[in-house]
Amino acid sequence: MLGYIRLELIRTMRDGGYIVFGVATPVVMYLVFTNLGLAGGDKHHAAIFVMVSMAAYGALGCAFNNGSGIAEDREAGWLRQLRLTPLTSLQVVAGKVVTGVVGVVPSIVAVLLTGALVNHVTLSAGQWLSMVCLLWAGTVPFSLLGLGNGYRLTGQTAGMANIATMLTLAIVGGLWVPVDGFPTWLRRIAEWTPSNSYASLSWHVAFGQTPAVREVAVLAGWLAVFGAYALYGYRRAGRTA
Amino acid sequence: MSLESVTKTFGPVRAVDDLTLAIPRGQTVALLGPNGAGKSTTIGVLLGLVPPDSGRVSLFGAGPEQAVRRGRVGAMPQEGGLIPRVTVRELVSFVAGTYAAPPPVDQTLELARISDLAGRRVDKLSGGQGQRVRFAMALAGGPDLVVLDEPTAALDVEARREFWQSMRGLASRGTTILFSTHYLEEADEQADRVVVVDRGRVVADGSSAEIKRVVALTTVSVTAQGEVQWLATLPGVRHLEVTGDRVHLRSGDPDATVMALAEAGAVRDLEVTPADLEDAFMALTSKETV
């Protein structure tokens with residue numbers, strides 16, 4: 001299974017779309033938002049707030065990109081080829097989940113490093129560590145949603161569905177524009193999105209607060225929903241592949 | 001390996017119909033049949049990709065999934081398996097690594113005649129090269145049974161020739177090989193044994209020489225006008241076909257047929273064409289005969 005993870009990671013790292021959209025875009029957007037004064041308010045506050053937003057946004061992009069890859073793999077006959085090797089289907093699914101989870105790390109690290117080195121964000125070692133962990137672990141629900149789409153839909157449709165879902169979650173979740181600027185009704189919705197809960201965990205940490213139980217609960221709820229969805233998608237794909 | 005009374009239907013279509021087939025170790029067997037004969041479904045059932053409606057599959061004393069998991073089987077499906085952004089060596093090494101005791105990757109690359117492509121990206125290969133990479137994936141783990149579904153279907157003549165050269169290298173090592181094809185000459189030239197499948201059933205099974213002997217019919221053609229159906233009753237004639245004023249008689253005893261034609265005074269522009277596997281195949285899979 002390690003061989004499978006290695007192969008999938010090699011493929012991910014050579015994927016131009018992954019590098020551009022998953023790693024480079026959030027870094028560039030972070031620099032643009034914070035240094036062109038678009039974020040408004042206190043510059044230091046913005047540097048921290050947008051750093052978390054963009055790290056979350058990049059991680060979301062990578063997590064969904066991994067799911068889109070599944071649909072392409074199925075169409076390329078790769079899933080069938082894997083079924084003809086001694087690997088079990090559990091190993092294959094687990095391998096893909098691990099690839100997705102590892103694949104979000106460069107994006108998170110790139111944005112946080114930009115924050116520390118370029119925008120001079122200073123936080124305690126504990127804060128940095130907690131944020132990396134929260135941003136990292138929090139991508140699992142999104143990975144599962146992306147995988148579910150990947151298993152259930154065909155290549156191009158899955159790719160588009162994933163990009164659309166990712167952008168919707170990013171925007172409604174307040175990763176691009178803080179929810180404070182939203183009309184009340186939209187803010188109510190935002191508070192129930194997994195993306196907002198996901199980023200809120202790290203926003204709290206970044207500003208020295210304790211993450212709220214509510215955010216953890218909302219994210220855990222979505223984890224269960226998306227996990228069931230991914231499982232349903234995989235079972236369906238298994239029947240037709 | 002063996003299939004025992006395997007049946008698989010897709011809606012109203014019986015893709016595989018009570019098919020029984022056993023292959024001893026070390027044999028190279030061609031599964032020959034026209035498109036839609038049930039070859040791919042048979043192979044799918046054999047590999048555990050397609051669950052049969054009824055019947056039993058046994059590979060090395062286990063079910064297909066178990067045999068695959070134990071690394072006894074290597075397979076090359078009809079298409080697919082070439083993923084972008086990896087090199088030939090990375091891909092073949094990965095497949096080899098999923099097996100417990102694979103042969104050295106260099107050896108596999110050499111056998112599949114792709115050593116010179118090792119560093120190339122898989123998605124930038126020609127059809128023939130890609131096919132040999134897929135072949136390499138089937139043998140990368142050093143399996144005891146290699147199953148190839150229409151390995152040469154999309155290849156040009158030259159690529160096919162190269163492919164079969166690789167295959168012969170594999171056969172000479174004692175690996176059991178099952179391949180499907182609708183190219184008659186491939187079955188004829190490459191296999192120890194030819195199993196002809198039509199409409200999901202085995203209609204003939206033997207060496208290509210045996211298949212020809214049993215069913216291949218010599219074609220006796222003459223020019224004739226008017227009522228010609230009586231020609232079908234001549235000795236040896238099994239099948240009659242009329243194109244324009246030519247009558248083609250497929251005969252199991254061409255000597256007797258020609259003698260009878262001569263006695264009847266019907267020898268005009270006589271032409272006798274010996275059987276090839278194509279004829280045998282036609283005879284086996286057409287409804288009118290056998």
**Prompt:** What's the number of the condition B:Asn35 fails, among (1) facing another protein chain (nearest Cβ under 8 Å); (2) assigned to a loop (DSSP other than H, G, I, E, B)?
**Reply:** (1)
**Message:** When the residues of the stretch A:204-230 are narrowed to those that are more than 19 Å from the chain's Cα centre (by Cα) and assigned to a helix (DSSP H, G or I), which ends up surrounded by the most Cβ atoms within 10 Å (Cβ to Cβ)?
**Reply:** A:Arg214
**Prompt:** Where in the stretch B:203-275 are there strands (runs of 3 or more DSSP E), lying wholly inside it, with at least 2 residues that are surrounded by fewer than 16 Cβ atoms within 10 Å (Cβ to Cβ)?
**Reply:** B:237-243, B:271-273
**Message:** Out of everything in the stretch B:156-191 that is surrounded by 17 or more Cβ atoms within 10 Å (Cβ to Cβ) and among the β-branched types (Val, Ile, Thr), what residue ends up being nearest to B:Gln78 (Cα to Cα)?
**Reply:** B:Thr181
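Of the residues that sit in the stretch B:89-111 and are more than 7 Å from every other protein chain (Cβ to nearest Cβ) and in a loop (DSSP other than H, G, I, E, B), which one is surrounded by the most Cβ atoms within 10 Å (Cβ to Cβ)?
Per the stated criteria, the residue is B:Pro102.
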**Message:** On the basis of being of a type in the set (A, V, I, L, M, F, W, C), assigned to a helix (DSSP H, G or I) and either within 14 Å of chain B (Cβ to nearest Cβ) or surrounded by fewer than 24 Cβ atoms within 10 Å (Cβ to Cβ) (or both), does A:Val32 make the cut?
**Reply:** yes
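Go over the candidates B:Gly142, B:Gly128 one by one and state the one that is touching an Asp or Glu at 6+ places or on another chain (Cβ under 9 Å), assigned by TED's automatic domain parsing to the domain that holds B:Ala96 and surrounded by fewer than 22 Cβ atoms within 10 Å (Cβ to Cβ).
Answer to the selection: B:Gly128.
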**Request:** Look at the stretch B:50-88 and say how many of its residues are assigned to a loop (DSSP other than H, G, I, E, B) and away from chain A (no Cβ under 13 Å).
**Result:** 5
**Fill in**
When the stretch A:57-114 is checked residue by residue, the ones that are among the polar types (S, T, N, Q) and out of contact with any Cys (no Cβ under 7 Å at 6 or more places or on another chain) are A:Asn65, A:Asn66, A:Ser68, A:Gln81, A:Thr85, A:Thr88, A:Ser89, A:Gln91, A:Thr99, A:Thr114
**Message:** So A:Ala47 ticks every box in (1) away from chain B (no Cβ under 14 Å); (2) small (Gly, Ala, Ser); (3) more than 23 Å from A:Gly181 (Cβ to Cβ) but one. Which box is left unticked?
**Reply:** (3)
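The values are calculated or read from the model by the stated rules, or taken from the named source; none is laboratory data. Note that the coordinates shown come from a computational prediction; the quantities given were computed from them, not determined experimentally. Counting neighbours? That spans all protein chains shown, and the Cβs are built from the backbone with ideal geometry, glycine included.
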